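Reading through the structure tokens given below for one structure.
The values are calculated or read from the model by the stated rules, or taken from the named source; none is laboratory data. Everything numeric here is computed off the predicted structure, so don't read it as measured data. We place every Cβ from the backbone using ideal geometry, glycine too, and count neighbours over all the protein chains shown. SASA here: full protein model, heavy atoms, side chains in, ligands and nucleic acids out. Shrake-Rupley method; radii C 1.70, N 1.55, O 1.52, S 1.80 Å.
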Amino acid sequence: MLEINSITKTYDTNPVLKDITLSLNQGESLGIIGESGSGKSTLARLILGLDSIDEGEIIFQGIRVQHKRNSLKKVRRHVQIVFQDPASSLNPKLPVWKSVVEPLENYPDTIPLFLKEVRNNKELMAGMLFNKVGLSQELLERYPHQLSGGQKQRVAIARGISLQPALLICDEPTSSLDVSVQAQVLNLLKELKRDLNMSYIFISHDLAAVQFMCDQIAVLKNGTLLDMFRTEELFSEIRHDYTKKLVGLALKDIL
Amino acid sequence: MKINVQMPKAIKLGIKIKNENHMIICGLSFLTVIIFITLLGPFIVPNDPLSANMSERLASPSVTYPLGTDHMGRCIFSRLVIGAQATLGITGLVVASVVMIGIPIGLVTGYIGGRIDSVIMRLVDGLLALPEFILAITIAGFLGPSLINLMISIVFVKWIGYTRVVRGIVILERNKDYVSAAKVSGSSNWKIIRRHLLPQIISPVLVLAALDIGKVILIISSLSYLGLGAQPPAPEWGAMLNDGRPYFQTVPELMIYPGLAIFFVVLSFNLIGEGLRDKLDVKRH
Amino acid sequence: MEATIEKQIKNAGDLVHTAEESLLEIEDLTITIDSVKKDLVKQIDLSIKAGEMLGLVGESGSGKSLTATALLGLLPSSLQITGGTIRLGNHQITSLSEKEMRQVRGKEIAYVSQNYQSFFTPFIKIGKQFVEVIQSHSPTKKSEAKKIVRYWLNKVNLPADRVFNSYPFQLSGGQLQRAAIACAILLRPRLIIADEPTTALDVLTGEKILDLLRGLQKELNCAILLITHDLKHVMNRSDEIAIMYGGQILERGRTCDVYQNPAHPYTRLLFQSRLQLSKEVTKELRTIYGEPGLIAEKGCPFARRCPYVFEACNEIPQIKTVSDAHWVACHAAN
Amino acid sequence: MLFIIRKRLFQLFIVLLVLSIFTFTLMKLAPGDPVLTILNADEMLVTEEDQAKLRSDLGFDQPLYVQYGKWMLNLAQLDLGKSYMTGKPVWDELMERLQITIELTTFALFIMISIAIPLGVLAAINAGRWPDQVSRILALIGASIPNFWLGLILIYLFTFKLQILPSSGIGSYSHIILPAFTLGFTFAVVYARLLRAGLLQSMSEDFILAGRARGLKEWRILWIHAFRAAILPVITVFGLSIGSFLGGAVVVEILFSWPGLGSLAVEAIFNRDYPVIQGYVLLTGIFVVIVNLLVDLSYYVIDPRINRKEEAL
């Protein structure tokens, strides 16, 4: 479904991504793990065409992602994103339901199965989507600052799934949330994935979250892909030293 | 000696809201009265503001002349009231044109960025070095003093400020996730500008405009005072001050009334502007 | 050789002594917003013994950072301590004058914050800021102060000369946090308050910082109050933990006791909803209903999210002893 | 550092270009014939030949771009032409008056700083209490009062009523007090508010809390740690509003009969003395750019981080 071929990206003079090659099959989910500055968020932006690629190419379902309007519009029909910080990913001056249905406005021909009956009514669609992510209908008319962090992230997720995309990129979706809310959001994402038959690219610094969410794991460090494996092989002896270090640290938390 | 900070937001607002609202209400009520008088001007003035009557020059306040007469025996009160039309009208026009020019340019250059942006901004940086007051003097100097020339020169310089503010906000906002999210949602650039960016600039521009109205009034009256704006016998406040200058040791009222008029009009706009700024939490630019 | 042994004995003596009496004692502390008379921190009790680490765990809005600010005597004027006392050694912090309090800060109580990027004043060289701290507390010659600074910078494994002459922005996050720790221990304080010192750092770097802190603590025999939102930061390191929610302490005790036998539903749920790496991937995570902003106005603050809530929860629960040095504030616990 | 200097030099270039085209165009657009102006000024009988001769002397019979080119070439040698009125070189005349204006503005600046800093700091440390309110009211008055009117009131009070200060002319310190205060006051109170806002902002930074937690004395926190961050926005605004400052100086010079650049410009305007007006505008433009360059450079002294930000650009 998604092929990333030797991507290189440089900001100013420092390389952010160096020769990254990855691929993802339909229905599978890929976890990308790395510390801040490892280039993992940049990768997400490149897949969505939010930044230009210096070298290499990204092909999604046969379409090359590049800075041409129609190619981007086609790709974004099937690839959506949930950002890390819901406070900044929702327009503060817009009632949240309007943010949620924005993708549906722009792709009038797209009819997700779960919105079939209400496709011509924006408010009802927003209501259905709110339902889907476990938000009460009373919150539809609220503005972002009137919602809690977890609620905002649910709104962002509702927007992400509104087109029933084939691939949803989650860029650290829980790291700005409180501990007791993280589990809720992870459960929701897992449930939606099954429900809507989506693939995820799940970006995180938390190995446990990636393990919980994904079939495959890629380890990024300083813009280089160090390790890539199926989730079952996480504890295998042949893992890269850096991966082992991360695993060791995560296991130390188990008391 | 300690400055206290880090108040939880709710508390901070609680204290502030009162203060801002007072300022806005105060400014608005001044302004309403002034606009009311201005609009009704022609019907309520007791005398023709232009008709001179040398036998009644420098008269004290009386029933006929509520604030007395000037050095040419003209009714000061009537001149003040009619003068408001000129001042407020021109200022309104100037600020409206400036906003209409400044906003679109700022939005587009800020959002698109790249070469167009840098060319325009370099030019703008250059123009910014021309103080509007001095530019206005120059234009007045070359083209002859008149209110129209005055307006042109103020517009010529003032739009830059708006472009810069709008562009600054757009650049700040366009890199935020919600704009990225709108792009990913498939929204066109036009839609992003209209729906996501335009609402962000409304409050700052509103504040800027309110404060600028005051500044423009001051510029106009200063230039008229220098004799480079409104020309006699037009009843403009700055010009009235200029007229009264030679007499003000003996009849200070000639200077006090027009000065107070300018002061209160500008003050009411400043009150509104400052109040709005605090209320809408707009940063200074 | 003899000297060091003597020191060891002395330290041991200290430990015995402080096992009975704690260094920091917070009793009944209540912090109120002046204007609306709302309590943000309600009647909390805490204590730390010298040489021990207390982990104060809570989500946003729990009042944990506020408590730290109150310890430093730096509450904003809109907030007030309306009840209770804070004692540090012989100092009754709640009744010290501003001037006396200033001398306590930095010398007796040190502070390390989450925001390492803004811990040092950005346009003054680090070394100068260290020297400033020393000179603020006792008249010291500059050369003398420099020596002390170098010593502590080395102690936290930083290249002393380079860091001394650097501006804060010239250091990496990990380095800055080390420098912040060096600055905190500069005057050998008796208590270090570390407010989420690793949250903004990468996992590996954060781990090293916590280890460093722990190591220095042992060496200096000072107490540490480690404030965090994440249980995992404190479980392996702290001697005691306290769980805070909605301005109250729900449970507190020796770390191992709390871990083995969490008595409050909130503590239990926090443990269960934690994402953990394991050979067997869980299908679904255990969750806690609602969000941290959901705080019951009356009674137990956790009541609105608690699965075991019943009528009695409308009243503030009495503090019950679970076992020796393990307390809980819950009606349901027994 | 070089980056900034380069940027400002480029700006200077743009400014001169725009201003020169601007004034040149205006001169051509201007009603009336400068030749007649000059001849009238000399109070001679004006003949057609005289006019034609003068016209070609001045190069007015050549195409516009040639005139502009010549004018620019002269400009590059600081030759701004001769005043129509006095016949003296414009450059010399400007320099003579510049000194007097600088005297006034420096003094006004001094008054401004000595009002703005204490008032701003006082307002900040008493935020929400009466000194803050007073500074707020003063700032509102300062921003709303026409400075020539303020000047008139001061003259009325100090010259006519109290008779302690002269209202016009130059010469002694007593002459400079009223004009400098008039010019400085309206800016001072506004800057005091800016400084207050900057201080409140920087006092809410985490490093201030950290500094207090280290037990630093409050005066050190304020003056050494917070003040530097707070003064930056004030300096920025000063750079941006130096133009209005000069504009204010024109009004004040006229009001107090202060024979500086502003008076020169206004006289020139009434006399249609175009070379002088041109010279004045160009000089002002250069002055504004130079002040802004100084403002930029002061950032380096105040905040070492700027070096790095720039490298990142």
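Brief remarks on what is shown
- Qualifying residue in the range C:285-301 (condition: without any contact (Cβ under 8 Å) to a residue 60 or more places away in the chain, outside any loop (DSSP other than H, G, I, E, B) and hydroxyl-bearing (Ser, Thr, Tyr)): no
- Elements of type strands (runs of 3 or more DSSP E) contained in the range C:23-132, each with 2 or more residues being in the same structural domain as C:PHE169 (by TED's automatic domain parsing) and open to solvent by 40 Å² or more (accessible area, probe 1.4 Å): C:24-33, C:38-48, C:79-88
- Any hit, the range A:71-91, residues being more than 12 Å from every other protein chain (Cβ to nearest Cβ), buried (at least 19 other Cβ atoms within 10 Å of the Cβ) and modelled with pLDDT of 90 or more: no
To keep it simple, each residue is scored yes or no on (1) over 23 Å from the mean Cα position of the chain (by Cα); (2) among the basic types (Lys, Arg); (3) within 14 Å of chain D (Cβ to nearest Cβ).
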residue	(1), (2), (3)
C:GLN117	no, no, yes
C:LYS125	yes, yes, yes
C:PRO139	yes, no, yes
C:GLU144	yes, no, no
C:LYS147	yes, yes, no
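- Single residue of the range A:143-169 satisfying the filter (within 14 Å of chain C (Cβ to nearest Cβ) and open to solvent by 10 Å² or more (accessible area, probe 1.4 Å)) that is farthest from A:ILE32 (Cα to Cα): A:GLN146
- Test: B:ILE201 is surrounded by fewer than 21 Cβ atoms within 10 Å (Cβ to Cβ) and either within 23 Å of the chain's Cα centre (by Cα) or part of a helix (DSSP H, G or I) (or both): no
- Residue under evaluation B:VAL265, criteria (1) within 7 Å of chain D (Cβ to nearest Cβ); (2) within 15 Å of the chain's Cα centre (by Cα); (3) open to solvent by less than 20 Å² (accessible area, probe 1.4 Å), criterion not met: (1)
- Candidates in the range A:122-141 are the residues that are more than 14 Å from chain C (Cβ to nearest Cβ) and within 22 Å of A:SER88 (Cβ to Cβ); of these, the one that is surrounded by the fewest Cβ atoms within 10 Å (Cβ to Cβ) is A:GLU141.
- Search result, residues across the range C:149-167 that are within 14 Å of chain D (Cβ to nearest Cβ) and in a loop (DSSP other than H, G, I, E, B): C:ASN165, C:SER166, C:TYR167
- Strands (runs of 3 or more DSSP E) wholly inside the range A:1-82 containing at least 1 residues that are farther than 15 Å from A:PRO165 by Cα and touching a helix residue (DSSP H, G or I) at 6+ places or on another chain (Cβ under 9 Å): A:2-11, A:14-24, A:30-33, A:55-60
- Scanning the range B:40-89 for residues that are in a helix (DSSP H, G or I), among the small types (Gly, Ala, Ser) and surrounded by 15 or more Cβ atoms within 10 Å (Cβ to Cβ) yields B:GLY41, B:SER78, B:GLY83, B:ALA84, B:ALA86.
- Residues located in the range C:297-319, provided they are farther than 16 Å from C:LEU270 by Cα, of a type outside the set (A, V, I, L, M, F, W, C) and surrounded by 16 or more Cβ atoms within 10 Å (Cβ to Cβ): C:GLY299, C:PRO317
- Subset of the range C:279-296 (residues that are more than 7 Å from chain A (Cβ to nearest Cβ) and open to solvent by less than 40 Å² (accessible area, probe 1.4 Å)): C:GLY290, C:ALA296
- Of the residues making up the range D:53-91, those that are acidic (Asp, Glu) and over 15 Å from D:GLN278 (Cβ atoms) are D:ASP57, D:ASP61.
- Of all residues making up the range B:161-172, the number that are crowded, with 20+ Cβ neighbours inside 10 Å and over 15 Å from the mean Cα position of the chain (by Cα): 7
- Here A:ARG119 meets the list (1) open to solvent by 20 Å² or more (accessible area, probe 1.4 Å); (2) more than 10 Å from every other protein chain (Cβ to nearest Cβ); (3) under 30 Å from A:ASN5 (Cβ atoms) almost entirely, failing just condition (3).
- Scope the range C:249-258; condition within 12 Å of chain A (Cβ to nearest Cβ) and surrounded by 16 or more Cβ atoms within 10 Å (Cβ to Cβ); matching residues: C:THR255, C:VAL258
- Scanning the range B:226-243 for residues that are facing chain D (nearest Cβ under 9 Å) and farther than 15 Å from B:ASP70 by Cβ, we see that the one that is surrounded by the fewest Cβ atoms within 10 Å (Cβ to Cβ) is B:GLY227.
- Residue in the range A:101-114 that is at pLDDT 90 or above, under 30 Å from A:LYS221 (Cα atoms) and surrounded by fewer than 22 Cβ atoms within 10 Å (Cβ to Cβ) present: no
- Of everything in the range B:92-124 that is open to solvent by 30 Å² or more (accessible area, probe 1.4 Å) and within 14 Å of chain D (Cβ to nearest Cβ), the residue that is nearest to B:LEU223 (Cα to Cα) is B:LEU123.
- Hits in the range C:117-142 - residues which are under 15 Å from D:LEU216 (Cα atoms) and without any contact (Cβ under 8 Å) to a residue 24 or more places away in the chain: C:LYS128, C:VAL131, C:GLU132, C:GLN135, C:SER138, C:PRO139, C:THR140
Okay, residues lined up against (1) assigned to a strand (DSSP E or B); (2) crowded, with 24+ Cβ neighbours inside 10 Å:
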site	(1), (2)
A:GLN184	no, no
A:ASN187	no, no
A:GLU191	no, no
A:ASP195	no, no
A:ILE201	yes, yes
A:VAL210	no, yes
A:ILE217	yes, yes
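- Residue ID - least open to solvent (accessible area, probe 1.4 Å), chosen from residues in the range C:187-218 that are touching a Gly at 6+ places or on another chain (Cβ under 8 Å) and under 12 Å from C:ILE109 (Cα atoms): C:PRO189
- D:PHE270 falls short on exactly one of the conditions (1) open to solvent by 10 Å² or more (accessible area, probe 1.4 Å); (2) at the interface with another protein chain (Cβ under 10 Å from one of its Cβ atoms); (3) farther than 25 Å from D:PHE148 by Cα; (4) of a type outside the set (D, E, K, R), and that condition is (3).
- Any hit, the range B:251-262, residues being under 22 Å from D:GLU267 (Cα atoms) and under 16 Å from the mean Cα position of the chain (by Cα): no
- The range A:10-28, residues that are in contact (Cβ under 8 Å) with a residue 60 or more places away in the chain and open to solvent by less than 80 Å² (accessible area, probe 1.4 Å): A:PRO15, A:VAL16, A:LEU17, A:ILE20, A:THR21, A:LEU22, A:LEU24, A:GLY27, A:GLU28
- Residue count for the range B:133-145, restricted to those that are touching a residue at least 40 places away in the same chain (Cβ under 8 Å) and open to solvent by 40 Å² or more (accessible area, probe 1.4 Å): 1
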